[in-house]
Structures are given as C-alpha cells and as structure tokens.
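These notes are about the structure you will find just below.
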Amino acid sequence: GAVVSQHPSRVICKSGTSVKIECRSLDFQATTMFWYRQFPKKSLMLMATSNEGSKATYEQGVEKDKFLINHASLTLSTLTVTSAHPEDSSFYICSARETGTSPLHFGNGTRLTVT
Amino acid sequence: DQQVKQNSPSLSVQEGRISILNCDYTNSMFDYFLWYKKYPAEGPTFLISISSIKDKNEDGRFTVFLNKSAKHLSLHIVPSQPGDSAVYFCAASAVNRDDKIIFGKGTRLHILP
C-alpha cells in the first residue's frame, strides 16, 4: 500500500531555533499534501494544504510566517517551524493522497519538544 | 464549530464481542467518510471508507454504516481483538468542494481480555 515517510520522528530544540520536518510519499506522487497538528486529547487539526509548485493554503489561525511549508516536488513536502517556542511543542503529522477521492495516508508523525 | 463529533471519548469491549464506534456530522455537504486507527506516537492508519451513495461498506472484520438522514455513521468491529485497542478517528470530507478532511476527536477503544 501507499507509504508516507516522515522525518524526524522526534526532535528537541531550544526556544528561538528553527526545525524542519520532512514528509515524503515513497511509492506514489502526491500533488497535494496536508499538515496536521495534534494536541493532547484533541483531534487532528489541519494546519495547511501543501500544493506542489505553489504556495501552501493555511487554515484560519495558523501563522504562515511561523510554519513555513514548501512542496518542492511531487514526493516531498517540508514544514519548518521558525523561531520555535515551548507552546509549539506538539505532535505534527503529514499526509498525502494519490487522487482526490483516495484515502489519506499518514506519516508516523514528529514529536516536537521546544525547551 | 465541530463538524465531526465523536461523543464517546473511550469505550471498553470484551475480546470477541462487537465494538461499535459512533460518529455524527453536521455538514450536509460531506459526501465521503473515513475511519482511521491510531496507536500512540504513530500516524493514523486508514481503515475503511464509505461514499455517501452507499449505506454500508464491509472489509473483513470492519463494517461502516452510514445514515445520511441522521448524519450518523458507525464503525463495527467483530469479533474484537486485543490488537484493536487504539484510538479511532472518524473523518469526513466534501470531495467535490475541497480537499479538506475534517476529523473527530477520536474514541479510545480498549479491548478487555
């Protein structure tokens, strides 16, 4: 089945630094990838929709200058958390799908801890 | 405004019995529904989906039922197995409008030995 690889799985960084998270579709091309954030005991919150070759579409309330998304190719999207703060500590998950009606396939997530 | 609601945060079921997870939605534009299973510190795994043109979809031990008039869907797992213990997310999208998939808050299923 379709596989989405997300890296790193865990990262600890100091406040004020930036962290990059990669999301790759390994056996299919994804023109659209999605980035989610999961808060404890809460649902997956869609942060942004990443479109290959164009700017990402951010959900209301998500700071685009803080969460930089780049979709450089049909198999790679990156999320960069800039000037991270402790409140950015969370579980970030990417997803991708082959066509508009196929299910999303998720990466295994990245646990970000900002100290 | 929560468009996809899973009102039971947790559910315990005896091994071998049927597990029924419920989900309600408010947006009548939703026409595609999915269930995902999630283990701690992992990304969700797709389980089963159903289009609004159907009212039932079955895949092995998993069956999803859709009641459009009630805006309700449910996931049945039978027989329940220990490996089914996980958090289950209900999700919905309006395929012909945008790509967004909206998730419920999840229900933690615990299979009792």
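General observations
- All of (1) of a type outside the set (A, V, I, L, M, F, W, C); (2) assigned to a strand (DSSP E or B); (3) open to solvent by 20 Å² or more (accessible area, probe 1.4 Å); (4) within 13 Å of chain B (Cβ to nearest Cβ) hold for residue A:20 with one exception: (4).
- Hey, residue B:22 part of a strand (DSSP E or B), in contact with a strand residue (DSSP E or B) (Cβ under 9 Å, 6 or more places away or on another chain), surrounded by fewer than 20 Cβ atoms within 10 Å (Cβ to Cβ) and touching a residue at least 24 places away in the same chain (Cβ under 8 Å) or not: yes
- Options B:16, B:83: the member that is open to solvent by less than 60 Å² (accessible area, probe 1.4 Å) and part of a loop (DSSP other than H, G, I, E, B): B:16
- Filter result for residue A:5 (in a strand (DSSP E or B) and either in contact with a strand residue (DSSP E or B) (Cβ under 8 Å, 6 or more places away or on another chain) or among the basic types (Lys, Arg) (or both)): yes
- Checking residue B:21 against (1) over 15 Å from the mean Cα position of the chain (by Cα); (2) of a type in the set (A, V, I, L, M); (3) at pLDDT 90 or above, the condition it does not meet: (1)
- Pick from the range A:62-115, criterion within 14 Å of chain B (Cβ to nearest Cβ) and open to solvent by 70 Å² or more (accessible area, probe 1.4 Å), ranking: farthest from residue B:48 (Cα to Cα): A:111
- Among residues of the range B:30-78 being more than 18 Å from residue A:36 (Cα to Cα), of a type in the set (Ser, Thr, Tyr) and within 13 Å of chain A (Cβ to nearest Cβ), the one that is nearest to the chain's Cα centre (by Cα) is B:49.
- Flag if residue A:95 is among the polar types (S, T, N, Q), at pLDDT below 95 and at negative phi: yes
- Among residues of the range A:34-44 being buried (at least 16 other Cβ atoms within 10 Å of the Cβ) and at pLDDT below 90, the one that is farthest from residue A:108 (Cα to Cα) is A:43.
- Selection count where residues are more than 20 Å from residue A:92 (Cβ to Cβ), in a strand (DSSP E or B) and not aliphatic (A, V, I, L, M), scope the range B:26-43: 3
- Sole residue being free of Cβ contacts under 8 Å to residues at least 40 places away in the same chain, hydroxyl-bearing (Ser, Thr, Tyr) and closer than 16 Å to residue B:103 by Cα, chosen from A:89, A:95, A:54, A:43: A:43
- Residue list for the range B:61-113, filter: in contact (Cβ under 8 Å) with a residue 40 or more places away in the chain, under 21 Å from residue A:46 (Cα atoms) and charged (D, E, K, R): B:97, B:105, B:108
The values are calculated or read from the model by the stated rules, or taken from the named source; none is laboratory data. Remember, predicted model here, so these are calculated numbers, not experimental data. When we count neighbours, we look across all protein chains shown, and the Cβ atoms used for this are built from the backbone with ideal geometry, even at glycine. In case anyone asks, the SASA skips ligands and DNA or RNA and just uses the protein heavy atoms, side chains included. Shrake-Rupley method; radii C 1.70, N 1.55, O 1.52, S 1.80 Å.
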